[in-house]
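Single-structure report; data block below.
The values are calculated or read from the model by the stated rules, or taken from the named source; none is laboratory data. Keep in mind that this is a model prediction, so the values were computed, not measured. Cβ placement follows ideal geometry from the backbone for every residue including glycine, while neighbour counts extend to all protein chains displayed.
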Amino acid sequence: RVRRAVREAPAALPPLAAVLEALAAELADVEERHEIWSLRATVLQRSPRLLVRGLGAHMADELELAEAIAERIGAEARDPDGLPALELYPRLLAGVAGTAVRVAVEHWCSKPPGTAVFADVFREVFSQLAAGLPGPPAPDPAGT
């Protein structure tokens, strides 16, 4: 669904925004399953072997997303054998997007239930990416 949404996003939408919207739609129900996502994050952090096993599936998903991004931006290329050869930008965007999702989920899961809205955390992560990862925000003097 994510790949289809990226391909079918309005042409005027920049690639990062198209990926953001596609992933946001896919993750729309995360908020309702905080306990499950939190448990999953904890298990993966404590069981490196499971993390390694999941990495293969994640890499395959990332490659498929990169192919969808390449198709969207017209950067489809072929190697001498006629196999897909992705350019740097689609691969980088797909990789960064996957990492952004992971960071958003981990950050959100680290908060007590009900204290952070996943969609807000998720969009903040992508907002910082879109801004070119400016310096970190100044510390809040109130500590909130």
Handout entry: Pairs, first surrounded by 14 or more Cβ atoms within 10 Å (Cβ to Cβ) in the range 106-117, second among the hydrophobic types (A, V, I, L, M, F, W, C) and not in a helix (DSSP H, G or I), C-beta under 9 Å, six or more apart
Key = 107/116; 108/116; 108/117
Problem - Candidates 55, 51, 44, filtered to the one that is touching a Gly at 6+ places or on another chain (Cβ under 8 Å) and either of a type in the set (A, V, I, L, M) or at pLDDT 75 or above (or both) - result: 44
Problem - Options 36, 69, 73: the member that is at pLDDT 75 or above and over 27 Å from residue 120 (Cα atoms) - result: 73
Fill in the blank from the handout: Taking the range 1-19 and keeping only residues that are surrounded by 14 or more Cβ atoms within 10 Å (Cβ to Cβ) and not β-branched (Val, Ile, Thr), one is left with 3, 5, 7, 9, 13, 15, 16, 17, 18
Completion exercise
Matching residues in the range 77-115 (touching a Pro at 6+ places or on another chain (Cβ under 7 Å) and at pLDDT below 85) number 1
